[in-house]
Amino acid sequence: MSDPQLSHGLRAVVFDVGETLVDESRMWAGRAAAAGVTPFALMGVLGALIERGEDHRRAWEILGVSQPPAPTCIGPDDLYPDALECLHAAKAAGFIVGIAGNQPADTAEQLLALGFKADVIASSAEWGVSKPSETYFAKLIDALGVQPHEIMYVGDRVDNDIVPAHSVGLRTAFIRRGPWGLIHAGQPEVCIADLQFDSLSELTAALRHR
Ligand SMILES: [Mg+2]
């Protein structure tokens, strides 16, 4: 059965990057190694910070180490296996497709090199503003050239994706995966998401039946 959230007046679907399209496990393990701590210690501290709603970048301070260098490039093995298929399904369904996350400036080139074909690819570094700022989502709306209610924003975080996108009038889809997704799924605010999925495979199926 088609979902009205994916049909009635929807013109654009925009995807967050980290833990929505990209599995960041390798990146975080690499950062643990670079900082001289075990992956177990880093992941545990990150989980506690996520649960408490604190900035995850405090992890380095808690671990008593300097923040390691910026993460390495996104490689083909870092993509969630359902990521490309979902982007292609959104495009095939006739939507404007966007990719917009809190990411370094060269993320667009990296994603294009991996076969992502999107109409708008932007990052917080390029725009000089990060989620959850409303300015970030205002820039996104301008870049897409459609009305807020005609956009579906897909993300794994309630605080950075669902709440701020909803507050500026976008439709939202919450993806319950990755540490933020799994922990945030238990928060009451998650109910404001228009749609909820456990994977992009589920969203792909919904897009194909809209
Ligand atoms: Mg994310």
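Readers should treat all values here as calculations from the given coordinates under stated rules, not as data from a laboratory. Note that the coordinates shown come from a computational prediction; the quantities given were computed from them, not determined experimentally. Neighbour counts are summed over all protein chains in view; Cβ atoms, including those assigned to glycine, are modelled from backbone coordinates with ideal geometry.
Placing a label point 7 Å from the Cα of Cys191 along the Cα-to-Cβ direction, the residues of region 143-168 whose backbone N falls under 16 Å of that point are 163.
By the rule of a C-alpha distance below 19 Å, with chain neighbours fewer than 8 residues away ignored, the lysines paired with Lys91 are Lys117.
Compared with the alpha-carbon gap, the fully stretched path from Phe40 to Asp142 is longer by 32.6 nm at 0.36 nm per residue. Using the rule -39500 (n - 2.57) for each DSSP H run of four or more residues, divided by the residues of the chain, the 222 nm mean residue ellipticity is -11000 deg cm²/dmol.
Between Arg58 and His8, the simple label model (points 7 Å from Cα in the Cβ direction) yields a spacing of 4.1 nm. Within a straight-line Cα-Cα reach of under 18 Å, Lys131 can be paired with the following lysines, leaving aside sequence neighbours fewer than 8 residues apart in one chain: Lys139. Relative contact order for the chain: what is it in percent, counting Cα pairs under 8 Å that are at least 6 residues apart? Relative CO of the chain lands at 27 percent. For Ser167 and Asp119, a Förster radius of 22 Å and the Cβ-Cβ distance give a FRET efficiency of 0.40, rounded to the nearest 0.05. Over all orientations, region 120-197 has a Cα convex hull whose mean projected area works out to 4.9 square nanometres.
Hydrodynamic analysis of the chain uses the Kirkwood radius over alpha carbon pairs. Inserted into Stokes-Einstein at 20 °C and 1.002 mPa s, it gives a translational diffusion coefficient of 123 µm²/s. Think of each Lys and Arg Cβ as +1 and each Asp and Glu Cβ as -1; about the Cα centre, that makes the dipole of the chain roughly 120 debye. Peptides 67-74, 96-103 ranked from most to least packed by the mean count of surrounding Cβ atoms within 10 Å: 96-103, 67-74. Beta bridges assigned by DSSP with both partners in the chain are antiparallel in approximately 5 percent of cases.
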